[in-house]
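What follows is one structure encoded as structure tokens, with my remarks underneath.
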């Protein structure tokens, strides 16, 4: 097996642990991947929104706009982890290993998918609830 063989479990765990910065995409496609470069900016803006909300409270309207970007980035990364982890080994090898055969993914990918589902579902529901609450509160205030 060569050094450039891509492993499904590694991609799944990179999506889980560093996907908000596009690490899973950089691992699979390299630094020329345009989709990977779309992850850091919304993530950083969402973190700025989180910092503003901690510092200024829940009435900061800019934080209302920025914070959901973090949730969207997280959900998109974890969705990628789920897709990678559930991809059949034959299709994975054909797509990412140029027909070479990598070892079977095993339990590492399965556990990664379960965690991606749990954290991703929680993040998605929290993002929807936060955005809806802020929207309806802004309608009442007018």
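Restricting segment 64-122 to residues that are in a loop (DSSP other than H, G, I, E, B) and within 13 Å of residue 11 (Cβ to Cβ), the residue that is nearest to the chain's Cα centre (by Cα) is 87.
Looking across segment 19-44, the residues that are assigned to a helix (DSSP H, G or I) and buried (at least 17 other Cβ atoms within 10 Å of the Cβ) come down to 19, 20, 21, 23, 24, 25, 26, 27, 28, 36, 42, 43. Here the condition is being crowded, with 20+ Cβ neighbours inside 10 Å, at pLDDT below 95 and under 26 Å from residue 129 (Cβ atoms); of 56, 66, it holds for 66 alone.
In this structure, residue 78 does not satisfy being in contact with a helix residue (DSSP H, G or I) (Cβ under 9 Å, 6 or more places away or on another chain) and closer than 20 Å to residue 132 by Cα.
The values are calculated or read from the model by the stated rules, or taken from the named source; none is laboratory data. Owing to the predicted nature of the structure, the values given are computational and were not obtained by experimental measurement. Virtual Cβ from ideal backbone geometry, glycine too; neighbours counted across all protein chains shown.
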